[in-house]
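Below: one structure, written as structure tokens.
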Amino acid sequence: MAALAPLRSLEEEVTCSICLDYLRDPVTIDCGHVFCRSCTTDVRPASGGRPVCPLCKKPFKKENIRPVWQLASLVENIERLKVDKGRQPGEAAREQLDTRLCERHHEKLHYYCEDDGKLLCVMCRESREHRPHSAVLVEKAAQPHRKKLQDQRQCIVAEFEQGHQFLREREQRLLDQLAKLEQELTEGREKYKTRGVGELARLALVISELEGKAQQPAAELMQDTRDFLNRYPRKKFWIGKPIARVVKKRTGEFSDRLLSLQRGLREFQGKLLRDLEYKTVSVTLDPQSASGYLQLSEDWKCVTYSGLYQRAYLHPQQFDCEPGVLGSKGFTWGKVYWEVEVEREGWSEDEEEGDEEEEGEEEEEEEEAGYGDGYDDWETDEDEESLGDEEEEEEAAEEEEVLESCMVGVARDSVKRKGDLSLRPEDGVWALRLSSAGIWANTSPEAELFPALRPRRVGIALDYEGGTVTFTNAESQELIYTFTATFTRRLLPFLWLKWPGTRLLLRP
């Protein structure tokens with residue numbers, strides 16, 4: 001503490017008497033007193049017309065104000081000395097304390113300036129800069145913010161508790177319905193079993209009687225023919241079903257509810273993760289990078305494919321051979337999310353027709369199961385040849401559809417743009433390729449994917465620090481594929497389109 005006394009004495013010598021702060025750009029006036037240059041401009045003239053010194057009240061001329069360079073250097077050395085003093089070995093507590101001290105005066109920060117939003121020490125508060133401002137104690141200033149954080153915490157806890165309660169109630173209701181359905185199945189099974197055992201006993205009795213009748217002489221057997229027909233009429237034997245139609249219908253309805261629950265939970269989880277962890281960003285396309293085969297909308301959020309090259313000038317950043325385009329905004333950190341809508345003529349109609357055909361096929365299979373003589377479905381040599389031709393035609397059609405496709409994803413800003421490109425992760429492109437034939441990840445070799453639904457809006461979630469690019473069905477929130485990599489350069493949205501009649505739209 002004794003070592004600090006000379007330092008404090010020096011601080012008093014280099015403190016401006018007007019602003020009570022360290023001398024900044026110190027100057028001297030006619031009487032010899034020293035002040036900050038900016039403080040001397042605030043000294044008002046006395047009644048005689050000349051400004052007077054705030055200390056000795058002697059008048060001085062502003063044109064005689066001169067800088068004191070040596071004093072300015074002394075102030076810098078004192079400040080440096082005080083900072084270094086706090087970093088001496090063995091004074092860890094002091095170093096920790098300095099993190100809470102004023103950088104200029106090295107005093108404790110007791111006040112908060114509401115006008116500038118800064119923490120102040122006592123000397124800062126009395127300085128010319130903050131004296132007219134509204135300053136309150138730090139603890140008092142923090143109370144509204146602390147209360148706001150507590151309210152937000154209570155709100156989050158309450159919202160999640162309501163969600164938990166809702167899910168618990170729905171879970172219990174579904175479990176009760178499932179238990180009731182299981183009970184009905186058990187009761188139906190026992191009833192069917194009891195009825196079946198009784199019917200088997202009756203049939204055994206009938207068989208025994210028939211065997212006895214068969215042993216009778218012909219004359220005796222022919223005496224009660226009519227009574228025999230009445231006792232054993234045709235189609236009177238009970239053949240029941242192990243599962244009642246009503247129970248089977250309820251089981252199907254419960255399965256539909258379970259599927260709806262799964263879809264709803266996936267959508268809920270996907271939306272919650274996206275909204276709470278990822279920031280939804282609005283991206284646009286960079287026209288300077290767009291290939292001449294592509295046409296961009298005026299807002300640079302939509303791209304279509306043209307079979308004719310439409311640019312005479314080749315920009316240095318432009319894709320020349322590949323019909324690709326990059327986004328205008330790149331990312332080097334954080335978690336961001338955007339969507340790409342694939343607008344293809346006839347896609348929705350094709351899906352509806354396909355669903356109807358599948359349902360019809362399933363119904364036909366259920367109706368025809370277990371019937372027929374087993375020969376109608378056998379193939380002849382001619383049939384095999386015709387089937388072979390049809391398979392070859394289908395494969396050729398699939399190859400043509402694969403050539404007509406699009407790619408959505410991200411790419412490094414340094415991705416190669418001239419000549420024929422492989423567009424693989426090792427080349428700085430992480431994307432999905434979509435066509436009428438299917439979906440693939442652009443790995444090497446390509447990995448075919450089989451989502452439950454064909455995505456018409458693809459969600460792209462980029463976690464730069466986490467090193468992942470995740471693709472989802474933005475409508476059903478179904479996970480399609482996740483790339484894992486280490487990113488070291490700026491990443492840009494990437495689109496590739498060679499599919500006539502198709503548009504790619506950036507959302508939002």
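Observations on the model:
- For segment 240-257, taking the residues that are among the charged types (D, E, K, R) and either under 14 Å from Leu178 (Cβ atoms) or surrounded by 10 or more Cβ atoms within 10 Å (Cβ to Cβ) (or both), the one that is modelled with the lowest pLDDT is identified as Lys241.
- Hits in segment 308-330 (condition: at pLDDT 95 or above and of a type in the set (A, V, I, L, M, F, W, C)): Val325, Leu326
- Filter result (under 19 Å from Glu12 (Cα atoms) and either hydrophobic (A, V, I, L, M, F, W, C) or touching a residue at least 60 places away in the same chain (Cβ under 8 Å) (or both)) within segment 39-67: Cys39, Cys53, Leu55, Cys56
- For Lys62, the requirement of being open to solvent by 90 Å² or more (accessible area, probe 1.4 Å), on the phi > 0 side of the Ramachandran plot, modelled with pLDDT of 80 or more and out of contact with any Ser or Thr (no Cβ under 6 Å at 6 or more places or on another chain) is not met.
- Pick from segment 477-497, criterion in contact with a helix residue (DSSP H, G or I) (Cβ under 7 Å, 6 or more places away or on another chain) and not hydrophobic (A, V, I, L, M, F, W, C), ranking: nearest to Lys335 (Cα to Cα): Gln477
- Counting the residues of segment 424-449 that are open to solvent by less than 10 Å² (accessible area, probe 1.4 Å) and part of a loop (DSSP other than H, G, I, E, B) gives 3.
- Neighbours by Cβ (under 8 Å, 6+ apart or cross-chain): first from segment 492-504, in contact (Cβ under 8 Å) with a residue 12 or more places away in the chain; second of a type in the set (Phe, Trp, Tyr): Leu492/Phe331; Pro493/Trp338; Leu497/Tyr305; Lys498/Tyr293; Lys498/Tyr305; Trp499/Tyr305; Pro500/Tyr305; Thr502/Tyr305
- Residue list for segment 450-496, filter: within 24 Å of Leu272 (Cα to Cα), open to solvent by 70 Å² or more (accessible area, probe 1.4 Å) and of a type in the set (A, V, I, L, M, F, W, C): Ala452, Leu453, Leu479
- Only residues that are open to solvent by less than 90 Å² (accessible area, probe 1.4 Å) and modelled with pLDDT under 85 were counted in segment 139-154, giving 0.
- Single match in Arg80, Arg94, Arg131, Arg87 (criterion: modelled with pLDDT under 75, assigned to a loop (DSSP other than H, G, I, E, B), open to solvent by 40 Å² or more (accessible area, probe 1.4 Å) and not aromatic (Phe, Trp, Tyr)): Arg87
- Candidate set from segment 287-303 (those that are open to solvent by 30 Å² or more (accessible area, probe 1.4 Å) and assigned to a strand (DSSP E or B)); member that is nearest to Leu403 (Cα to Cα): Gln295
- Of the set (1) at pLDDT below 85; (2) open to solvent by less than 70 Å² (accessible area, probe 1.4 Å); (3) out of contact with any His (no Cβ under 7 Å at 6 or more places or on another chain), all apply to Tyr111 but (1).
The values are calculated or read from the model by the stated rules, or taken from the named source; none is laboratory data. None of the values given here were measured: they were computed from a predicted structure. Using ideal geometry, Cβ is built from the backbone for each residue, glycine included, and neighbour counts are taken over all protein chains shown. Each accessible area value is taken on the protein alone, full model and side chains, heavy atoms only, with ligands, DNA and RNA left out. Shrake-Rupley method; radii C 1.70, N 1.55, O 1.52, S 1.80 Å.
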